[in-house]
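**Q** Could you have a look at this structure, given as structure tokens, before my questions?
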Amino acid sequence: MNLETTILFILCFFALAGGAAILQQLIHGFKKTNLCDHYVWGIYVQGCFFLSSLAAGVLIILSVMILLNIKGISRLAETGSIIAFSLFIGSQILLGIDLGKPSRAILMLKSKNFHSPLTWDFYTLGSSTVLCLIYYLGILPQTRGAMLAWSLLSLLIAYLCLSVHTMFFLSRAKGGYQTNAFSGLETLLSSLLGGTALLMLSGIQMRLSGLLLILAVLLLGTTASHNIALLRQNHNSKSVLILNLAIVLLLLVEQSTEKFLQAGSIVTPTAGGSIVALTAAAASLVLVFIEKFNAVILPQRESILPEPYNQFQDKSPYRPSLKEINVLIGCFAICAFIGYGLLYVKAGW
Amino acid sequence: MRYGMLIDLTKCVGCNACTVACRNHNGTPSGISLHKIMKYEVGKFPHSKMKFLPMPCMQCENAPCEKACPIGATVKKSNGIVEVLADKCMGCRGCVAACPYDSRQFVWEIKNYYEQAPVTLFEKRKQKEFQKGTVVKCTFCQKRLEHGLEPACVSTCPSQCRIFGDLDDPGSELSKAIAAGNARPFREDLETNPSVYYING
Ligand code: SF4
Ligand code: SF4
Ligand code: SF4
């Protein structure tokens, strides 16, 4: 058995374990979770936002490259569409298991309440998945017009998908951090950062550390300015800032040692990435996960009712239970299995 | 016709009789309450005092919960009552996240009040009205309204601080009391246009 097949079998084992954990959750409901009326959305929704953010990031990068007609990206586009597809599937699994009555989700097709961000979430996630699948299966006519149409549509839908995720607490959260509808620059940048990082880690033969550095610097500036502007509102994104700074420093070290600052080096078709760059990429994924914690869990930590009415309300933090963590890891394993499996089939290993 | 409620906070003594009456009438499982009283302290010791804010659902005219519901399981009726259709709700909790008054609860599980003891006949009957994995909220006791009765929290209040009636009828006791007491809704700035008014105490 070759190495690729062994990896596939290992991933299959973990995906099956993940499937069992998910099944258990579906049968027993939220019994062993730490979700409650104060934290109605927990690590499942955080995970869903995380996976869809990475997937949307990959899809946006691919679309822009196709739109700009960048040459030599066919391998990247193929791998990228597979990665995005599996991540979108994973995010929908997480969204589904977070429902109290998952079988009723089918009613979404009938109701079409476009006032609801969840409706947009449903449609954007679904159509992004289909767009990735179309690319992967190669059923898109190989004409410039068809590619342009695909990339424009993907760009729009992936951006919509990200923007929708900034709207859930609009009616109750204080204005500002993570609540600016359709202009969540931080959300967009962290998605692009995560998408780039994932492409780097997937082993494509293209050097993306320059792009990662630019995105990390932009995100640092946006998060820092948000923190300064909202200093009094006690929005805690210090961990994101520190990690972001570390990523920038790591990438600067990598760029300077490899003398990679000359023009045109943002995306260079050379082999692999250095250990430093890959470490920065892995740290970027952690950053996106924390950013999603700040977007989903933090707004719920604050009481819904303002002072002084919330004086005696419980303000304890949310900690996911072991079962929730199990399910999340299981879902990640399913994503990895789907992604790797599709690559396996495509490459004919 | 738009049902509304006035709560005179100058009269409220924070006894929680309304919360108990609500639980009793609706037979809510343990851990679920469609009504709550927010207690808070104002002033500094030794001149501080406890104050109370009783909160049923505000039955907002411009209801964020209704907008947030992706499958139309939250509906606003012609009488102004915002209702969750239990047989339709898929339990996504988007409405809970959207409600700025913390007026909705998710049925995580259906529990008895006395965990060690067998379920009482009353609980057995009432628990059938709740579905695990869906969202519940106050509906101004619409079943009582159908029988010509006032909501349980209104009729039980010992200090008679609540008035229930039709907001659309300027001649109703409710409309007159709102005008006379200069009553206002809670968090008016959110522009949800609630049907519950308060006279501040
Ligand atoms: S108070 Fe909350 S649950 Fe009630 S109608 Fe308004 S938004 Fe909906
Ligand atoms: S929990 Fe039920 S009522 Fe609330 S938004 Fe979801 S489907 Fe609608
Ligand atoms: S109107 Fe009925 S359901 Fe609503 S808080 Fe009062 S007693 Fe409870």
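The values are calculated or read from the model by the stated rules, or taken from the named source; none is laboratory data. Being a predicted model, the structure only gives us computed values, none of them experimental. All Cβ positions, glycine included, derive from the backbone under ideal geometry; neighbour counts span all protein chains shown. Note: areas computed on protein heavy atoms with side chains; ligands, DNA, RNA excluded. Shrake-Rupley method; radii C 1.70, N 1.55, O 1.52, S 1.80 Å.
**Q** What does DSSP give for the protein assembly as shown in terms of the percent of beta bridges that are antiparallel, rounded to the nearest 5? Could you put the intermediate results ahead of the total?
**A** Values: 21 of 25 bridges.
Here the share of antiparallel DSSP bridges comes out near 85 percent.
**Q** Helix-only estimate, please: 222 nm mean residue ellipticity of chain B, summing -39500 (n - 2.57) across DSSP H runs of length 4 or more and dividing by its residues, to the nearest 500. Intermediate results must be reported in sequence, preceding the final value.
**A** Working: 7 runs with 45 residues, N = 201.
It comes out at -5500 deg cm²/dmol, rounded to the nearest 500.
**Q** Where is the GNM fluctuation largest for chain A (alpha-carbon springs, 10 angstrom cutoff): A:A149, A:A84, A:A15?
**A** In the Gaussian network model the winner is A:A149.
**Q** Show log10 I(q)/I(0) for segment B:3-199 at q = 0.08, 0.09, 0.11 Å⁻¹, two decimals, from a solvent-free Debye sum over equal Cα scatterers.
**A** These q points yield log10 I(q)/I(0) values of -0.28, -0.35, -0.53.
**Q** Could you pull out the trypsin sites (Lys or Arg not before Pro) across segment B:135-201 that fall in loop regions by DSSP (anything but H, G, I, E, B) with no more than 11 other Cβ atoms inside 10 Å?
**A** Details: sites: B:K137, B:K143, B:R144, B:R162, B:K176, B:R187; in loops: B:R187.
Passing both the DSSP loop test and the Cβ count: no residue.
**Q** Name the most mobile residue of A:L278, A:L245, A:L99, meaning the one with the largest mean-square fluctuation, in a Gaussian network model of chain A with Cα contacts below 10 Å.
**A** Result: A:L99 has the largest fluctuation of those listed.
**Q** Residues of segment A:68-146: accessible area per residue at 1.4 Å, in Å²? Before the final figure, lay out each step's value.
**A** On the way: 3610 Å² over 79 residues.
Here the per-residue accessible area is 46 Å².
**Q** So which trypsin sites (Lys or Arg not before Pro) in segment B:5-49 pass both tests, a DSSP loop state and at most 13 other Cβ atoms within 10 Å of the Cβ?
**A** Details: sites: B:K11, B:R23, B:K36, B:K39, B:K44, B:K49; in loops: B:K11, B:K44.
Passing sites in segment B:5-49 are B:K44.
**Q** Kindly point out which whole DSSP H helices in chain A project their C-alpha atoms 27 angstrom or further along the helix axis while averaging a Kyte-Doolittle hydropathy of -0.5 or above. Walk me through the intermediate numbers first.
**A** Numbers: long enough: A:3-28 (38 Å, 1.65); A:43-67 (35 Å, 2.21); A:74-97 (35 Å, 1.26); A:117-137 (30 Å, 0.90); A:144-164 (30 Å, 1.70); A:209-229 (30 Å, 1.65); A:238-257 (28 Å, 1.67); A:275-296 (32 Å, 1.87); A:322-347 (37 Å, 1.50).
Both cut-offs are met by A:3-28, A:43-67, A:74-97, A:117-137, A:144-164, A:209-229, A:238-257, A:275-296, A:322-347.
**Q** When the helix-only estimate is applied to chain A (DSSP H runs of n ≥ 4, each -39,500 (n - 2.57), divided by the residue count), what is the mean residue ellipticity at 222 nm, nearest 500 deg cm²/dmol?
**A** Details: 12 runs with 231 residues, N = 349.
Theoretical 222 nm ellipticity from helices: -22500 deg cm²/dmol.
**Q** R0 = 35 Å: FRET efficiency of B:Y113 with B:L85, Cβ-based, nearest 0.05?
**A** Values: r = 27 Å, r/R0 = 0.76.
Calculated transfer efficiency: 0.85.
**Q** Trypsin sites (Lys or Arg not before Pro) within segment A:106-163: which are DSSP loop residues with at most 15 other Cβ atoms inside 10 Å?
**A** Working: sites: A:K110, A:K112, A:R144; in loops: A:K112.
Taking segment A:106-163 and a limit of 15 other Cβ atoms within 10 Å, the loop trypsin sites (Lys or Arg not before Pro) found are A:K112.
**Q** With solvent modelled as a 1.4 Å probe, how much accessible area in total do chains A and B shield from it at their shared surface, in Å² to the nearest 100?
**A** Values: alone 16970 and 10950 Å², together 24650 Å².
Rounded to the nearest hundred, the buried surface is 3300 Å².
**Q** Of the accessible area of the protein assembly as shown, with the probe set at 1.4 angstrom, what percent is carbon plus sulfur?
**A** Carbon and sulfur: 63 percent of the exposed surface of the protein assembly as shown.
**Q** If the elastic network links every pair of Cα atoms under 10 Å, which of A:M147, A:M200, A:M108 fluctuates the most in the Gaussian network model of chain A?
**A** Comparing A:M147, A:M200, A:M108 in the GNM, the peak value goes to A:M108.
**Q** State, to one decimal in nm², a quarter of the convex hull surface area for the C-alpha atoms of the protein assembly as shown, i.e. the direction-averaged projected area. Present the calculation step by step, with values, prior to reporting the outcome.
**A** On the way: hull surface 120.9 nm².
Over all viewing directions, the protein assembly as shown projects a mean Cα-hull area of 30.2 nm².
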